[in-house]
Amino acid sequence: MTDTPIDTTVAHTARVWNYWLGGKDNYPVDREVGDRIRKLFPQVAEAARGDRLFLRRSVTHLVRDEGVRQFLDIGTGLPTADNTHEVAQRIAPESRVVYVDNDPLVLTHARALLRGTDEGGTRFIGSDLRDTAAVLAAARETLDFGQPIGLTLMGTMGHFGDVEEALDIVRTYVDALPSGSYLAVCDGVDAHVEPVQEENLAEALELWQEGVAQEYHMRSVEDFTRYFDGLHLVDPGVVSVYRWRPEPAEIGKVTDLPQYCGLARKP
């Protein structure tokens, strides 16, 4: 675990995201930046909810339909409703989940809140995802790398300005997983969608870069899709978050947002 102190004078990704999701684990500086961005990009809270919705739906699919019982959740963020272990263990109590994050506030809350069932288990690794060797070594203490693992990266890889660096990190993790494992990714994309004014979104991104400790970069749809190179995409492929397996009552009512997702199987 890291001993890095919690800085309440600069906005942090996990806390701004928590604010948009209606959580209480944030500070005035996070709320100020969050409000300024939301004024320019009113759909940002909806995008945050869509990210969590995709996490819930993809984990549910993997546990219920594919028999996956292990998850490596990298870039966990602050605990909210329907965390990975809660979704998985609700269906299969024996599921095991390893969380990875290096935000000190996330670490503090995770120790208290991210606890699993007696049958399964959860573990939290306080480490930078760029240290792939350390993360994988720690994950192997809880997960069986001889059996399929669901790797989730939600709203995480956009923090890397260099797309090739981001792709190399994801490939390193995927290469370490056994055949039959899955990769789920969700992040912002530079795609034209009708409800969003592109000039306002660009200004909102500038505000983020100036006011939040961790930079954020939206990928092109083509670069986002490259995360799944060499893998078999699960239907419906790479889509806006609300279009990934919507409930029957939602069909025809889903909103397109510049927040994309995809789930793919390692052959």
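(1) of a type in the set (S, T, N, Q); (2) surrounded by fewer than 18 Cβ atoms within 10 Å (Cβ to Cβ); (3) closer than 28 Å to Ile6 by Cα: which one isn't true of Thr156, the others all being true?
Result: Thr156 passes all but (2).
Give the residues of segment 228-267 that are of a type in the set (A, V, I, L, M), assigned to a helix (DSSP H, G or I) and touching a residue at least 12 places away in the same chain (Cβ under 8 Å), sorted by residue number.
If the condition is that a residue be of a type in the set (A, V, I, L, M), assigned to a helix (DSSP H, G or I) and touching a residue at least 12 places away in the same chain (Cβ under 8 Å), then Val241 is the only one that fits.
Go through (1) part of a helix (DSSP H, G or I); (2) surrounded by 15 or more Cβ atoms within 10 Å (Cβ to Cβ); (3) not basic (Lys, Arg) one by one and return the number of the condition His217 breaks.
Just one mismatch for His217, condition (1).
Values in this text are rule-based calculations from the coordinates and carry no lab data. This structure is a prediction, so every number in the text was calculated from the model and none was measured. Backbone-built Cβ (ideal geometry, glycine too); neighbour counts: all protein chains shown.
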